[in-house]
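See structure below.
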Amino acid sequence: MTQNSDTLTDTMRRHSLRLGAFAVGTALLLAVVYALTKDRIADQRLATERAALAEVFPLALHDNDLLDAAFILQPDTAGFMQTHLLGLSTARTAYAASLTGVGSGVILPLETADGYSGTIVLMIGINAEGAITGVRVVQHAETPGLGDKIDTALSPWIRSFNSRSLPNTPEVLWQVKKDGGDFDQFVGATITPRAVVAAVHNALLFFDANRERLLAGTTP
Amino acid sequence: MNTGSTESTNYTNSTNYADIASKGLWHNNPGLVQLLGLCPLLAVSNSVVNALGLGLATMAVLTGSNLLVSLFRHQLLPAIRLPAFVMLIAALTTCTELVMQAWAWELHQALGIFIPLIVTNCVLLGRAEGFASKHPPLAATFDGLMMGGGFLLVLVIIGTIRELLGTGALFANMHQLLPFATDWTLHLFNPETPFLLAILPPGAFLVLGFLLALKNVIDRKLTRPAASEDVVPGSKRVRVTEQAS
């Protein structure tokens, strides 16, 4: 009996030691690979973020580092008027652009739940004159082949917002053509473009209501 | 466990590399015969670049895990071998994920959750247990390459068919995997409205089904001259060898 339990303890000790040694080994392997890739991954991440921001706001219009000028917009951020226009369901990042210390525009996050499936998350760049410098879809779950043409990889449609502003596009034209507005819908998909047009219009209204604060030249 | 019953009997003989290759690529193909790892196989086979990316990542992890399992096969006592295998596969998958993030960031973003999910691909544990733990490192590495290659092959074939039917083009976004492949997109035809079924999940099932049928037809053609063999009754699911037992 004593011998049996000795053997059992012995076996258990042997097994746990082996498994422990194995765990240390794999952890070491992970640590080495992590150390080797860490900096490159951080660079890639920043480069991707900068490239995404440059898509909606031209580099020529700002000389500050947008990633340093990021601020958080909450669904109920204090100090902004009519935040509900952005449709945010959660806190998202906005970026204040400035040129030689003067506010030159802003990149705003916006959401719409009026698409065909799920929430569409967008990013919009607006310059100091209130004109759109670019709109991009950050995340969506629209039908492949139909509603997903809001993605620049599939269709240039979303570029049709470029240089639109409240003064140059009257209220009634902020609709798809089917509804009497100025923007194309897609064959077989009207709901998605309709939602995006409305969301972009709302973003301009939000900008208009908060223009001074957004263009203060410092991070709001 | 009845895994690897035929393989374990012949491991003392000199390793037959042609046999390993034909099993991995055809007779015991993970995607078409073992039907393992179907979840990633179906989910990311919507374009060639996605299929190639996940296929290569799976192949790398499988080859690495086969090599390491084989190297430590005498230290891995039966009682601790499963947790050790899982630990090893998880570590290698994480390494692959880090390397992809560093050198193929966009592709990593496109494949998303399916890279970490390589850990759960049954092919990996199946080969570790059924082959690598019973064979010397060189044979195990070769087996990993061939099994991974077979998986990659099926993924790329399904990816090619789905991308072609669904978008009318091939090799879109190849720069995500190969930075120099900036303009490889082949527009073969321009569909008025894309054939959605091919891109959506049901298309993956259908294409895989046709491939399975095709393989069976070819196999039957090849074996017809021989006398029909007795079918061994029993479960044919999750086979690690090509023979039902």
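The values are calculated or read from the model by the stated rules, or taken from the named source; none is laboratory data. Keep in mind it's a predicted model, so treat the numbers as computed, not measured. Quick reminder, even Gly has a Cβ in these numbers, built from the backbone with ideal geometry, and neighbours come from all protein chains shown.
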Cβ contacts < 8 Å: first residue away from chain B (no Cβ under 14 Å), restricted to the range A:180-206; second residue acidic (Asp, Glu) and crowded, with 23+ Cβ neighbours inside 10 Å, any location; separation 6+ or different chain. Result? A:THR192/A:GLU142
Pull out all pairs, ordered by first then second residue, where Cβ-Cβ is under 8 Å, the residues are six or more apart or on different chains, the first lies in the range B:119-131 and is in a helix (DSSP H, G or I), and the second is among the basic types (Lys, Arg). B:GLU129/B:ARG81
Does the range B:9-32 contain any residue that is in contact with a Leu (Cβ under 9 Å, 6 or more places away or on another chain), closer than 30 Å to A:ASP10 by Cα and modelled with pLDDT of 85 or more? no
Looking only at the range B:51-63, which residues are surrounded by fewer than 24 Cβ atoms within 10 Å (Cβ to Cβ) and within 14 Å of another protein chain (Cβ to nearest Cβ)? B:ALA60
How many residues does the range A:79-112 contain that are crowded, with 21+ Cβ neighbours inside 10 Å, within 18 Å of the chain's Cα centre (by Cα) and within 20 Å of A:ALA216 (Cβ to Cβ)? 11
Name the one entry in B:PRO194, B:PRO136, B:PRO201 that is at pLDDT below 90 and either surrounded by fewer than 16 Cβ atoms within 10 Å (Cβ to Cβ) or within 30 Å of B:PRO78 (Cβ to Cβ) (or both). B:PRO201
Counting only residues that are in a helix (DSSP H, G or I) and within 11 Å of chain A (Cβ to nearest Cβ), the range B:156-205 contains a total of 8
Mind telling me which of the residues B:ASN66, B:ASN29 ends up being farther than 24 Å from B:THR160 by Cα, buried (at least 19 other Cβ atoms within 10 Å of the Cβ) and more than 14 Å from chain A (Cβ to nearest Cβ)? B:ASN66
Given the criteria more than 13 Å from the chain's Cα centre (by Cα) and either free of Cβ contacts under 8 Å to residues at least 24 places away in the same chain or under 22 Å from B:GLU129 (Cα atoms) (or both), does B:LEU35 qualify? no
Of the residues that make up the range B:108-117, is at least one more than 14 Å from chain A (Cβ to nearest Cβ), within 30 Å of B:TYR17 (Cα to Cα) and either touching a His at 6+ places or on another chain (Cβ under 7 Å) or in contact (Cβ under 8 Å) with a residue 40 or more places away in the chain (or both)? yes
Unique residue being closer than 23 Å to B:GLY24 by Cα and in contact with a Leu (Cβ under 8 Å, 6 or more places away or on another chain) when the list is B:THR93, B:THR63: B:THR63
Which residues, counting only those in the range B:69-105, are touching a residue at least 60 places away in the same chain (Cβ under 8 Å) and either touching a Ser or Thr at 6+ places or on another chain (Cβ under 8 Å) or at the interface with chain A (Cβ under 8 Å from one of its Cβ atoms) (or both)? B:VAL69, B:SER70, B:ARG73
Count - residues of the range A:162-195 that are part of a loop (DSSP other than H, G, I, E, B) and farther than 19 Å from A:GLY125 by Cβ: 10
Determine if the range B:121-129 includes at least one residue that is small (Gly, Ala, Ser) and within 16 Å of the chain's Cα centre (by Cα). yes
Say whether the condition of being of a type in the set (Ser, Thr, Tyr) and within 21 Å of A:THR48 (Cβ to Cβ) is met by at least one residue in the range A:135-154. yes
Qualifying residue in the range B:142-149 (condition: assigned to a helix (DSSP H, G or I) and more than 17 Å from B:GLY31 (Cβ to Cβ)): yes
Within the range A:27-77, work out how many residues are assigned to a helix (DSSP H, G or I) and of a type in the set (S, T, N, Q). 3
For B:ILE157, state whether it is closer than 23 Å to B:LEU124 by Cα and among the β-branched types (Val, Ile, Thr). yes
Restrict the check to the range B:62-81 and report whether at least one residue is over 17 Å from B:LYS134 (Cα atoms) and modelled with pLDDT of 85 or more. no
Residues of the range A:113-128 being within 12 Å of the chain's Cα centre (by Cα) and crowded, with 21+ Cβ neighbours inside 10 Å, in sequence order, are A:ILE120, A:LEU122, A:MET123, A:ILE124, A:GLY125
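Listed here are the residues, each with its yes/no results for (1) assigned to a loop (DSSP other than H, G, I, E, B); (2) modelled with pLDDT of 90 or more; (3) on the phi > 0 side of the Ramachandran plot; (4) out of contact with any Gly (no Cβ under 6 Å at 6 or more places or on another chain).
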{"position": "A:THR133", "(1), (2), (3), (4)": "no, yes, no, no"}
{"position": "A:ASP148", "(1), (2), (3), (4)": "no, no, no, yes"}
{"position": "A:SER160", "(1), (2), (3), (4)": "no, yes, no, yes"}
{"position": "A:THR218", "(1), (2), (3), (4)": "yes, no, no, yes"}
Here is a list of conditions, (1) out of contact with any Phe, Trp or Tyr (no Cβ under 9 Å at 6 or more places or on another chain); (2) assigned to a helix (DSSP H, G or I); (3) farther than 30 Å from B:PRO78 by Cα, and A:LEU19 meets all of them except one; can you say which number that is? (3)
For the range A:25-56, what are the residues that are within 20 Å of A:ALA69 (Cβ to Cβ), within 8 Å of chain B (Cβ to nearest Cβ) and surrounded by 16 or more Cβ atoms within 10 Å (Cβ to Cβ)? none
